[in-house]
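The values are calculated or read from the model by the stated rules, or taken from the named source; none is laboratory data. Note that this is a predicted model, so its numbers are computed, not measured. Neighbour counts are summed over all protein chains in view; Cβ atoms, including those assigned to glycine, are modelled from backbone coordinates with ideal geometry. Side chains are part of the model used for accessible areas, which takes the heavy atoms of the whole protein and leaves out ligands, DNA and RNA. Shrake-Rupley method; radii C 1.70, N 1.55, O 1.52, S 1.80 Å.
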Amino acid sequence: MAAPPAPEVSSALSLELLPTDPLLLILSFLDYRDLVSCCYLNQRLNQLSSHDPLWKRHCKKYWLISEEEKIRRNQSWKAIFTSTYSDLGRYIHCYATLKKAWDDLEKYLGQWCPRMISSLKESAREEDLDAVEAQIRCKLPDDYRCSFRIHNGQKLVVPGLMGSMALSNHYRSEDLLDIDTAAGGFQQRLGLKQCLPLTFCIHTGLSQYMALESVEGRNKYEIFYQCPDQMARKPSTIVMFITGTSYLEWFTSYVNEVVTGGYPIIRDQIFRYVHDKKCVATTEDITVSVSTSFLPELSSVHPPHYFFTYRIRIEMSKDALPEKTCQLDSRYWKITNAKGDVDEVQGPGVVGEFPIIGPGKVYEYTSCTTFPTTSGYMEGYYTFHCLYYKDRFFNVTIPRFHMVCPAFKVSTA
């Protein structure tokens, strides 16, 4: 029996015959690399891939270009993407994250610390960063370069952008160094080989450093405070209190703490106190809350001496009756280190004062403590007496608050 005749094979469906709208919808899901690749496949895809609305998403995603910015530049979305890529393309993986951090920070500072805005420097040029690499003979990480293409650090002023800390006899305020000043402080000495300073405090000489190579026990691009090992025979031996694993993580996590209110603004400065939201206690109409901070410049690992400061806020509810007005007489502390050793302290007032608290009134003060262990906690109470009923005394709970030293490692120098 003869085989049935084979069916006619229709000619291949041509791309030219496909409708435009479905193709544009498909192209809208492509990343910019694939969209560029389509331009080289054939004439039809070249035309469709140049459809300007397709590039709007990429401009917003990678370069944070707004509609207002597009109107100001008077260019198509594709032209904006292409021109920006030609300038900042090597940073496309981190530019949007860093640009958003800088934009959020500037907006916040404009509202709460306006004088700090004027200390920020304009962007560094690509050739400036290349010149620094040639000068120090080390490659700068892309996230660091990218951030400095947005803002070239700040002027050496007070207050510093990277936070302040103040005690009765100690003050620190860290500036974010511009690229030339940072390059001038690049370290090649034993203990800090291949380390670039990121910050500087003109009062203490303190810096945070970034390791540009994995030497002397450090990881590449790790960020840290240096701390001399006072018990080592070699003075070049240092311990590193680690503050970040990369520039991107270090800078964006700091900015997030600032703009979300994690760090308080005090006298037009950013103070690096950390507040645990659970660290609050209310007794009758009085609420006590605590924030803490570790001070690396006053601490050491060898010998073990870990220095912490804490800021306490005492507030009476605004709805309290006027006759609830009272005065603080004394304080009691129970201080416990990581070994379980306990110290008890009792004394008059706080920091030499006997504050009066009334409805809606707030009293804040700062004090400090040290531990021979990397962590510890404090708790206690204040004793108040009523001003209207002078024979009435009562205790107000101070919530338990923990203090923990950041991770550290010992140099192999």
* **Among Ile179, Ile136, Ile242, residue whose mean-square fluctuation peaks in a GNM of the chain (springs only between Cα atoms under 10 Å)** => Ile136
* Structure fact -> In order over segment 139-150: 3J(HN,Hα) from phi, Karplus 6.51/-1.76/1.60, θ = phi - 60°, whole Hz, x for each Gly or Pro, gives 7, 8, x, 4, 5, 5, 4, 4, 4, 7, 6, 8
* Asked: For Rg/Rh (Cα atoms, Kirkwood Rh), the choices are (1) 1.15; (2) 1.01; (3) 1.63; which was calculated from the structure?
  -> (1)
* Structure fact -> Taking the chain and counting helices only, DSSP H stretches of n ≥ 4 at -39,500 (n - 2.57) each over all residues, the nearest-500 ellipticity at 222 nm comes to -8000 deg cm²/dmol
* In degrees, nearest ten, helix 53-63 long axis to first principal axis of the chain (Cα) -> 30
* **Accessible area expressed per residue, segment 273-405, with surrounding protein chains retained (probe 1.4 Å, Å²)** => 49
* Asked: Do any trypsin sites (Lys or Arg not before Pro) in segment 228-326 lie in a DSSP loop with no more than 10 other beta carbon atoms within 10 Å, and if so, which?
  -> Arg233, Arg267, Lys318
* Asked: So, in Å, what gap is there between the alpha-carbon centers of segment 328-384 and segment 192-225?
  -> 35
* Asked: Which residue, Ile92, Ile150, Ile356, has the most motion in a Gaussian network model of the chain that connects Cα atoms within less than 10 Å?
  -> Ile356
* Asked: Among Glu364, Glu106, Glu213, whose mean-square fluctuation peaks in a Gaussian network model of the chain (Cα, cutoff 10 Å)?
  -> Glu364
* How big is the shadow of the Cα convex hull of segment 170-214, averaged over all directions, in nm²? -> 3.4
* Working from Cα positions, state the angle (0 to 90°, nearest 10) between the long axis of helix 95-112 and the longest principal axis of the chain. => 40
* Of all accessible surface on segment 96-260 at a 1.4 Å probe, what whole percent is carbon and sulfur? -> 49
* To do: Restrict the search to segment 371-413; then list the trypsin sites (Lys or Arg not before Pro) that DSSP places in a loop and that have at most 12 other Cβ atoms within 10 Å of their Cβ.
  => Lys390, Arg392
* What's log10 of I(q)/I(0) for segment 297-385 at q = 0.16, 0.19, 0.23, 0.26 Å⁻¹, Debye sum over Cα points only, no solvent? -> -0.73, -0.91, -1.13, -1.29
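What longest range of the chain stays clear of loop-exposed chymotrypsin sites (Phe, Trp or Tyr not before Pro) (DSSP non-H/G/I/E/B, at most 15 other C-beta within 10 angstrom)?
Here the longest segment lacking exposed loop sites spans 41-387.
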* Structure fact -> Sorted by chain and number, the residues with a modelled amide H under 5 Å from that of His305, at a separation of 5 or more or across chains, are Ser300
* Magnitude of the charge dipole, the chain, Cβ model with Lys/Arg +1 and Asp/Glu -1, debye to 20 -> 360
* For the pair Lys100 and Lys339, how long in nm is the line joining their label points, each one 7 Å along Cα→Cβ? -> 4.7
* **Cross-link table Lys139/Lys193; Lys318/Lys390; Lys99/Lys121; Lys61/Lys100; Lys278/Lys324; Lys318/Lys361, entries beyond 18 Å C-alpha to C-alpha** => Lys318/Lys390; Lys278/Lys324
* Taking a probe of 1.4 angstrom, what is the accessible area of Asp180 in Å², to the nearest 10? -> 100
* **Phi-based couplings in Hz for segment 255-261 (Karplus 6.51, -1.76, 1.60; Gly and Pro marked x)** => 4, 4, 4, 5, 6, 8, x
* How much of the accessible area of segment 273-405, probe 1.4 Å, is carbon plus sulfur, in whole percent? -> 50
* Asked: Using θ = phi - 60° and the Karplus form 6.51 cos²θ - 1.76 cosθ + 1.60, what ³J(HN,Hα) does each residue of segment 241-252 get, whole Hz, x for Gly and Pro?
  -> 7, 7, 10, x, 9, 7, 4, 4, 5, 4, 6, 5
